[in-house]
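One structure below.
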């Protein structure tokens, strides 16, 4: 597996982490594609994408270890990125837009004016049919991704800066400063609230009912969503924690943390002993001010997860495909029916990719 983290110093780091006695972490690559600090990172089974204050989304092919290109649809800092499966990416930014990307051709299928202010966070339902977003207009919005339209708007008393679905899709949480509100999907009402002393910087569902919370301090806390009680807390870093990532691999439940102290750490959590402090498996000092984190899993370790999601993903794709084609016609074309540059700005990383694009353009012009 590969630990990938962005930082203020405009670099994406990649570290290969291998299980063993002890675990080993070795530098694998650095990606210098941005001209400003990195603000978001997301992974699927092939790509890592990064968002930045330079208003661009950079694509990195993890299998080939090469730059793949850039997406330049947004105006403003990229605030959030999330893949759904292997075919779609959602991005949000300070321009108030949410963009839906096809990751096969890297086309913008839909550009939605989601919020009057900035989009601060978004989260895709496990079914792929719904998404939630929050912004600086004090609203929480539900999106029907099958039809590409707004489904519901809820007014909030304050601006939320994080939103997240639970793995089973039956609940979701919003974060407002130092407070986590837990919502039930079927009623869209708050069932509980968790409050900590510091501003919350990152949250992650460990299970459907256990939430990991990192604030602007060195502590990670595990909370029960049902009782809203703290199950465990421990000092993970020497400075504030910026991001948390969690996943299962070979029977272990692993948590990865990134901090302003420059360290990325991998922890082993025993879900049967959730009140015990996780054991530290390995750590690496990036010597940078980290801002965001993700973990890329190789195809072998992805296989199990993909098999478990086959039934729901297949059904969701069957439901979405007709609508995706329709959205491509509306959003990816101009009035004359031709693809517009504004909706498909890609900067190829390799010069040899430029020739086919130019030939295609000449062919289109000649057909006019």
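Data table
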| item | result |
| --- | --- |
| Qualifying position, being on the phi > 0 side of the Ramachandran plot, in contact (Cβ under 8 Å) with a residue 12 or more places away in the chain and not in a strand (DSSP E or B), among 117, 128 | 128 |
| Candidates 16, 40, filtered to the one that is surrounded by 20 or more Cβ atoms within 10 Å (Cβ to Cβ), assigned to a strand (DSSP E or B) and touching a strand residue (DSSP E or B) at 6+ places or on another chain (Cβ under 9 Å) | 40 |
| Region 180-192 residues that are free of Cβ contacts under 8 Å to residues at least 12 places away in the same chain, paired with ones that are in a strand (DSSP E or B) and crowded, with 17+ Cβ neighbours inside 10 Å (beta carbon under 7 Å, 6 or more apart) | 189/183; 190/181; 190/182; 190/183 |
| Count - residues of region 228-237 that are part of a strand (DSSP E or B) and surrounded by fewer than 17 Cβ atoms within 10 Å (Cβ to Cβ) | 5 |
| Qualifying residue in region 88-100 (condition: modelled with pLDDT under 95 and over 14 Å from the mean Cα position of the chain (by Cα)) | no |
| The listed residue being buried (at least 24 other Cβ atoms within 10 Å of the Cβ) and within 20 Å of residue 132 (Cβ to Cβ), out of 92, 96 | 92 |
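Here is a yes/no grid of residues against (1) under 19 Å from residue 231 (Cα atoms); (2) exposed (fewer than 13 other Cβ atoms within 10 Å of the Cβ):
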{"site": "155", "(1), (2)": "no, yes"}
{"site": "166", "(1), (2)": "yes, no"}
{"site": "186", "(1), (2)": "no, yes"}
{"site": "190", "(1), (2)": "no, yes"}
{"site": "193", "(1), (2)": "yes, yes"}
{"site": "203", "(1), (2)": "yes, no"}
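The values are calculated or read from the model by the stated rules, or taken from the named source; none is laboratory data. Values in this document were obtained by computation on a predicted structure and should not be read as measured data. Quick reminder, even Gly has a Cβ in these numbers, built from the backbone with ideal geometry, and neighbours come from all protein chains shown.
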